[in-house]
1. Just from its helices, what would the mean residue ellipticity at 222 nm be for the chain, if runs of 4 or more DSSP H residues each count -39500 (n - 2.57) and the sum is divided by every residue, rounded to the nearest 500 deg cm²/dmol?
2. What whole-number distance in Å separates the alpha-carbon centres of region 224-282 and region 376-439?
3. Residue separation times 0.36 nm, minus the C-alpha to C-alpha distance between residue 213 and residue 274: what's the value?
4. Among DSSP bridges having both ends in region 186-298, what percentage is antiparallel? Round to the nearest 5.
5. Output the antiparallel fraction of DSSP beta bridges having both residues in the chain, as a percent to the nearest 5.
6. What is the ratio of the Cα radius of gyration of region 237-339 to 2.2 N^0.38 Å, with N the residue count, to two decimals?
7. What's log10 of I(q)/I(0) for region 122-232 at q = 0.13, 0.16, 0.17, 0.21 Å⁻¹, Debye sum over Cα points only, no solvent?
8. Hey, what did the chain get for relative contact order, percent, Cα under 8 Å, at least 6 apart?
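Bear in mind that the values in this text are calculations on the coordinates, not laboratory data. These numbers were taken from a predicted model, which means no experiment stands behind them. Positions of Cβ are generated from backbone atoms using ideal geometry, with glycine treated the same way; all protein chains shown enter the neighbour counts.
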């Protein structure tokens, strides 16, 4: 009886996990030994890893050639095979293979950074590029933070070259190696990971840089010695402590502003919502602005919790999920949900969902319809004007939240097109290559937009579009927030609100 109970518990856990709609990550295989980091691999080994990546992508991905033609990938792969004419280390091989993997145009399918070498460099006390960059304009990178004491360059400066190489050339090369549906999102990832990409490129201290205080100012030259990873980590922790996952403030004119940056810590978020909306009931506001522009995603449960405070309308965040059946996916399910000691048992056949997956032919697609969610009764629900700010950095689960708001007219969207697409891929399968042991990842599921339009190929579009000018970016002017405030002040009653954009626009 105890064994039966354990089996049933395992099935229950598996069923709960399989029925979820969040992006799940497969636990990666154990990392290789340190000796592999300095080894050079033969052209034959590199070519074998290339073929393994392409074959695995095709076996597990539900629609690998959705964004790009198979012929285009075949041509790129042929060029890469020609480039594998000499032995290479993992670090040398990475940019070549990463660019091919990124060319599929799926943000959840690609190549991970060479982690073993990265950890070794950190542990050995190597020094890293000490500047943060946050924008790329006219061939220059804008400096947002300086971590090297005494450096002449200051935040707001524009980098034009590093080690004699044009900043635009480096940035363009880096963007090509990173996965994403949208160019803007790939550029954002290149800015975030700029120093790691410089390190992979082989640019080491001292860093000889050219920069300008303004795009039209004279060029200046500075040599930077670099900083330790520990110093960078401390600076990052300080920034994170100063930028909460979520916050609320009352702006001028009694307008509420709720910023949601990260969709995590559900318990803390629920407590935050209760405190915030209880205060709103006690001291009413004229309208509420919800800001998702810097939200890269997380748990969809955060989105459900937020919506329960602003709407009573039924909705869903996607129409359906489609799963690609493969031997790799079956192994992932077993390793993720079944206790190791019980994997010899056919536990998957004890549940209808497991039976459906295991009985389906490998390579087939299984569809699962999403249920409509009805918000629970909430005495703190706000029924005044609500608008939501979105933009190119609204991704993954934050994009799903924007999708529900758009397709079910739950609030007015203001800003720019989201970085994430509603018809997207996810639930990552991670695997290591047989020779270099680099780690790759591929999507195993497709998620279809909430209104069921599987043909839609863009992000979620705002009801009111606000495109910042170059001068806005340089001066720090937030025009989208200005428009949101103006919109709220114009709402004298629910009837005064402009028509919301139609679903599918």
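1. Numbers: 16 runs with 185 residues, N = 505.
Computed mean residue ellipticity for the chain: -11500 deg cm²/dmol.
2. Comparing the Cα centres of region 224-282 and region 376-439, I get a distance of 18 Å.
3. On the way: separation 61, 0.36 × 61 = 21.96 nm, distance 4.57 nm.
Here the segment from residue 213 to residue 274 would lengthen by 17.4 nm.
4. Roughly 65 percent of the beta bridges in region 186-298 run antiparallel, per DSSP.
5. Restricted to the chain, the bridges split so that about 75 percent are antiparallel.
6. On the way: Rg = 18.3 Å, N = 103, 2.2 N^0.38 = 12.8 Å.
Scaled against compact globular proteins, the figure is 1.43.
7. Summing over Cα pairs of region 122-232 leads to -0.45, -0.68, -0.77, -1.18.
8. For the chain, the relative contact order is 19 percent.
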